[in-house]
1. 222 nm [θ] for the chain, helices only, -39500 (n - 2.57) per DSSP H run of 4+, per residue, to 500?
2. The range 1-77: D in µm²/s via Stokes-Einstein (Kirkwood Rh, Cα pairs, 4 °C, 1.567 mPa s)?
3. In the structure displayed, which of Lys43/Lys117; Lys2/Lys54; Lys43/Lys103; Lys19/Lys54; Lys19/Lys79; Lys9/Lys117 lie more than 27 Å apart, Cα to Cα?
4. Rounded, prolate or oblate: which one fits the range 84-136, using the alpha carbon gyration tensor with axes a ≥ b ≥ c (rounded when a/c is under 1.5, else prolate when a/b beats b/c, else oblate)?
5. Name all residues of the range 91-131 having a backbone nitrogen under 15 Å from the label point set 7 Å from the Cα of Leu25 along its Cα→Cβ direction, giving them as ranges.
6. Kindly provide the pair-distance distribution of the range 2-134 built from C-alpha pairs, with 10 Å bins from 0 and whole-percent values in order of increasing distance.
7. With everything on Cα atoms, drop me the angle between helix 89-100 and the longest principal axis of the chain, reported from 0 to 90° to the nearest 10.
8. Please state the relative contact order of the chain as a whole percent: Cα pairs under 8 Å, 6+ residues apart?
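Quick note: the coordinates plus some simple rules give every number you see, no bench work behind them. Model, not experiment: these values are computed from the prediction. Using ideal geometry, Cβ is built from the backbone for each residue, glycine included, and neighbour counts are taken over all protein chains shown.
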Amino acid sequence: MKVFIVSSKHFYGKVGEIKEALEALGHSVTLPNSYDDPSTEAKSRALGHEHHMKWKAEMFRLQNSKVESNDAILVLNLKKGDVDNYIGGSVLLEMFRAWELGKKIYLYNPIPDNMLKDEIEGLNPTVINRDLSLIA
């Protein structure tokens, strides 16, 4: 299966380990936008609001094409600061796009208990509780 890993850039340190584990299970993996340089957004923002807006729009287009070209997405929803199972705005958009396209949506950890819980539940993700063997 072709799996697109989506996550906050704050979790990119875990992505390599997850990628290797998925490949060991026979999956091919697409990495998150800016994975090779998580500071790309800060650099873009430093060039001014207009530049950052254009950069962000391009990232949205790129993430859409990545969702389209994969069979599933795996959301790495880990602890960010005091927030358990964090899912940010860009990841929610990736989840929604996957749902629109009928792709499988896997959550690494349970759905966060926050203001987006109902929306995330409506996307009908499969919670794998860190068990990558459940991705099929």
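1. Calculated mean residue ellipticity at 222 nm is -13000 deg cm²/dmol.
2. My calculation gives 98 µm²/s for D.
3. Those over the limit are Lys43/Lys117; Lys2/Lys54; Lys43/Lys103; Lys19/Lys54.
4. oblate
5. 104-110, 126-131
6. Going from the shortest bin to the longest, the percentages are 12, 44, 35, 8, 0.
7. Tilt relative to the chain: about 50 degrees.
8. 25 percent
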